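J.: Below is the structure I would like to discuss, written out as structure tokens.
The values are calculated or read from the model by the stated rules, or taken from the named source; none is laboratory data. These numbers were taken from a predicted model, which means no experiment stands behind them. Cβ atoms come from the backbone with ideal geometry, glycine included; neighbour counts cover every protein chain shown.
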Amino acid sequence: MGSTILFTRPDGQSVSGYLAEAAGATASVVVIQEWWGLNDQIRGVADRLAQAGYNALVPDLYRGKSTVEAEEAHHLMSALDFGVAASQDIRGAVQYLKTRTARVGVTGYCMGGALTVLSLTMAPEADAGVAWYGYPPLEFVDASAIKAPLMAHWATQDAAFPIATVDTLEEKLAAAGVAYTGHRYLAQHGFANETAVGPHRLPITQYDAAWSQIAWDRTFAFFGRHLG
């Protein structure tokens, strides 16, 4: 459905990304990858948003690299400068989509969930954000800089992003007056990733079709309210 495009970061550098377009779209969404990279699963997320009427752009944060091996994914994620990814790659993607539609949201999963929260502090053009089971180190979250409404989907059995830290993040967001809605699911990390099944999934991840559908329904309702 989609195609590879180039867009420009605020600093003038070019970044490639996967763009899934919807005919007649009036709003768009930046989709941020998990630590695996820009793979078929995250392209599928963009395609799903396009089928719902949104243009969806996945910036290629790893510059063409992706993996199915956890050790390599950890290496790729560790080498990524989250501040630059949020303030340049993701903000550039938001700015690119703003040339096509009036309103643009941001969403991401795992590492991308963390980057969703961070990008809302660094991309003032974004109109809404939905984070899925991921948050950055809380000392890097300037909640007072978040002006867009934020929704988040958390897994109460998440071994990668403990729910206790979600409590602290939510307190920080509330203190800053962020328009925030959090949902919690009796699920494990990656519960909305349909490839997190079978013997090859990580021990800490588990797809849950029922919770995934509920979270998607809530996401579409949220974007419908804030992006149109």
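J.: Does Val15 satisfy the condition of being in contact (Cβ under 8 Å) with a residue 60 or more places away in the chain, under 15 Å from the mean Cα position of the chain (by Cα) and either crowded, with 16+ Cβ neighbours inside 10 Å or closer than 25 Å to His74 by Cβ (or both)?
T.: No.
J.: Given the options His153, His183, name the one that is within 24 Å of Gly37 (Cβ to Cβ) and not hydroxyl-bearing (Ser, Thr, Tyr).
T.: His153
J.: Also, I was wondering about something else. Can you tell me which of Leu97, Leu80, Leu61 is modelled with pLDDT of 95 or more and over 19 Å from Ala46 (Cβ atoms)?
T.: Matching residue, one of Leu97, Leu80, Leu61: Leu80.
J.: Sticking with this one: Go through (1) free of Cβ contacts under 8 Å to residues at least 40 places away in the same chain; (2) surrounded by fewer than 18 Cβ atoms within 10 Å (Cβ to Cβ); (3) among the small types (Gly, Ala, Ser) and name the single condition Ala152 misses.
T.: For Ala152, the failing item is (2).
J.: Suppose we filter region 200-216 for residues that are free of Cβ contacts under 8 Å to residues at least 12 places away in the same chain and either in contact with a strand residue (DSSP E or B) (Cβ under 9 Å, 6 or more places away or on another chain) or under 17 Å from Arg184 (Cβ atoms) (or both); how many remain?
T.: The number of residues fulfilling the criteria is 2.
J.: Pick from region 185-203 the residues that are surrounded by fewer than 16 Cβ atoms within 10 Å (Cβ to Cβ) and farther than 19 Å from Val45 by Cα: which of them is modelled with the lowest pLDDT?
T.: His200
J.: How many residues does region 129-177 hold that are small (Gly, Ala, Ser), assigned to a loop (DSSP other than H, G, I, E, B) and in contact with a strand residue (DSSP E or B) (Cβ under 9 Å, 6 or more places away or on another chain)?
T.: Final tally of qualifying residues: 4.
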